[in-house]
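Novice: Input: one structure, supplied below.
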Amino acid sequence: MSSNSYDTLIIGGGLVGSSVAMHLARLGTSGRIGVLDYDLEGSFSSSELNAGGVRATFSQPVNILLSKLSIEFFEKHAHEVGYRDCGYLWLRTPEQMNNAEASLKTQSKLGWASETWDVSTLRSKIPFIDKTSDLAGAHFAKRDGLMNPNLLKLFFREKAKSSGVQFLDRLWVTGTEKSDSGYILSCNEYARNLTEDQKKNIVTHTGVSPVIGSKKIKTKRVVIASGAWSTELMKLFGHKRESKPLRRQVCIFDCRDVDLTPHGMIVDTSGVYFHPEATNGLAGFATTNERPGFRFDYDGESFFQEEIWAKLFERSTKFERLRHLTGWAGLYEISPDETAVIGHAGDELYECHSFSGHGAMQSYAAGLSLAELMTGGKFQTIPEIAALSAERFNSGKLIREGAVI
């Protein structure tokens, strides 16, 4: 077999693609496994640009199970992946408290219980939350927490490489053709020393693309695990997907009058989420007026003032003097029901994408599950994942996730 020929080629070297590679190798899949990416460093990947939260506090059982299995893995390798079981605290209005009851029962039934706090308990445990007139209380999931996505990605990759998986950098798939033995992929090849601007031009399809050559790669089967670019790639293989890339912005701010370090993720009733980031704070918010597209522009001070600080000011007197420091924008790949697409797409094509902001926290279980399907023909550890096939969008059997941020 030539150096440009593989039995399995995974397109996308982020958390999910690296997890799939690790699990395929562990399960003993036959032949050469390759992972292809235009930038294995991942400067603009969702694996690098997310907030680091991990939770199993979802409304849909399959999402609870995906995250639960992943977090159990993070717990076992806490030092290697930077995991901390510091919890998720959800502040609730009376209406939100009532709406969350069904989800809490489902989570508890599946082994992921939350504590219910009234306002007095909340104020005693989190004293800086002192503007509580609109609250009925809070829910605290103590096994949810935070981890380091970059450390996790490197962990997956090192395990995969030690089992013989090859990682191919600086390649972008531009075309595909079916062959008797699988697929032939046409790729643009890029120089090793790409600048950040050049990388951005490639992923946003703008500006000058610094192509230095082309390459043909043969493979028997393909896995699409390319995050926000998965819909484009599926189109190259003749499959239409309705998922869309949406910008999400994250701010780093000076906490000044409050120490967040003892706490985990806190989700305000407004939808603003925040957690400690070293001695500072990290906060994000999903604005409702985002248009789909590959946008990485960060709105800076104006976003912080209008979308973050204005809402946090209404929650605590300690937040009245917050100071914006920096921030960034990354992409979610949002599916129509805000739940991942995992499954067999036909022929020797598989897909694992559209996690709608939950890819990091579900990456271990998603990679294991797809590897099980590819090697054994079915989902074994979490059989419920069979419902995540893209066919659900044609049949109307959507899995609408209610607990999204």
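The values are calculated or read from the model by the stated rules, or taken from the named source; none is laboratory data. This is a predicted model, so every value here is computed, not measured. Note that each Cβ is placed from the backbone with ideal geometry, even for glycine, and that neighbours are counted across all protein chains shown.
Novice: Just one of (1) within 24 Å of PRO61 (Cα to Cα); (2) out of contact with any strand residue (DSSP E or B) (no Cβ under 8 Å at 6 or more places or on another chain); (3) not in a loop (DSSP other than H, G, I, E, B) trips up LYS159, so point out which.
Specialist: Single failed check for LYS159: (1).
Novice: Would you call PHE140 of a type in the set (Phe, Trp, Tyr), within 21 Å of ALA56 (Cα to Cα) and assigned to a strand (DSSP E or B)?
Specialist: yes
Novice: Is it the case, given these coordinates, that ARG123 is of a type in the set (Lys, Arg), surrounded by 15 or more Cβ atoms within 10 Å (Cβ to Cβ) and touching a helix residue (DSSP H, G or I) at 6+ places or on another chain (Cβ under 9 Å)?
Specialist: For ARG123, the condition - of a type in the set (Lys, Arg), surrounded by 15 or more Cβ atoms within 10 Å (Cβ to Cβ) and touching a helix residue (DSSP H, G or I) at 6+ places or on another chain (Cβ under 9 Å) - is not met.
Novice: THR375 - would you say it is more than 18 Å from ILE64 (Cα to Cα), assigned by TED's automatic domain parsing to the domain that holds ILE224, touching a residue at least 60 places away in the same chain (Cβ under 8 Å) and of a type in the set (Val, Ile, Thr)?
Specialist: Judged against the criteria, THR375 is a match.
Novice: Quick test for you: out of PHE73, PHE44, PHE58, pick the one residue that is among the aromatic types (Phe, Trp, Tyr) and assigned by TED's automatic domain parsing to the domain that holds VAL165.
Specialist: From the options PHE73, PHE44, PHE58, the qualifying one is PHE44.
Novice: If I go through the range 196-237 residue by residue, how many of them are assigned to a loop (DSSP other than H, G, I, E, B) and modelled with pLDDT of 95 or more?
Specialist: So the count comes out to 3.
Novice: Among the candidates PHE156, PHE128, PHE140, single out the residue that is of a type in the set (Phe, Trp, Tyr) and under 30 Å from ARG32 (Cα atoms).
Specialist: From the options PHE156, PHE128, PHE140, the qualifying one is PHE156.
Novice: A further question follows. Can you find, within the range 72-87, the residue that is surrounded by the most Cβ atoms within 10 Å (Cβ to Cβ) among those that are within 17 Å of the chain's Cα centre (by Cα) and assigned to a loop (DSSP other than H, G, I, E, B)?
Specialist: TYR83
Novice: I'd like to verify a number: residues in the range 157-173 that are out of contact with any helix residue (DSSP H, G or I) (no Cβ under 8 Å at 6 or more places or on another chain) and either over 17 Å from VAL81 (Cβ atoms) or surrounded by 15 or more Cβ atoms within 10 Å (Cβ to Cβ) (or both), how many?
Specialist: The number of residues fulfilling the criteria is 6.
Novice: Can you work out which of the residues in the range 174-199 that are out of contact with any Lys or Arg (no Cβ under 8 Å at 6 or more places or on another chain) and more than 20 Å from SER43 (Cα to Cα) is surrounded by the most Cβ atoms within 10 Å (Cβ to Cβ)?
Specialist: Across the range 174-199, the extreme among qualifying residues is THR176.
Novice: For a quick check of your reading of the model, give me the residue pairs whose first member lies in the range 125-136 and is more than 7 Å from SER316 (Cβ to Cβ), whose second is among the basic types (Lys, Arg) and buried (at least 18 other Cβ atoms within 10 Å of the Cβ), with beta-carbon atoms closer than 7 Å and at least 6 apart or on different chains.
Specialist: LEU135/ARG92; ALA136/ARG92
Novice: Something else now. Report whether or not SER302 is among the polar types (S, T, N, Q) and in contact (Cβ under 8 Å) with a residue 40 or more places away in the chain.
Specialist: For SER302, the condition - among the polar types (S, T, N, Q) and in contact (Cβ under 8 Å) with a residue 40 or more places away in the chain - is not met.
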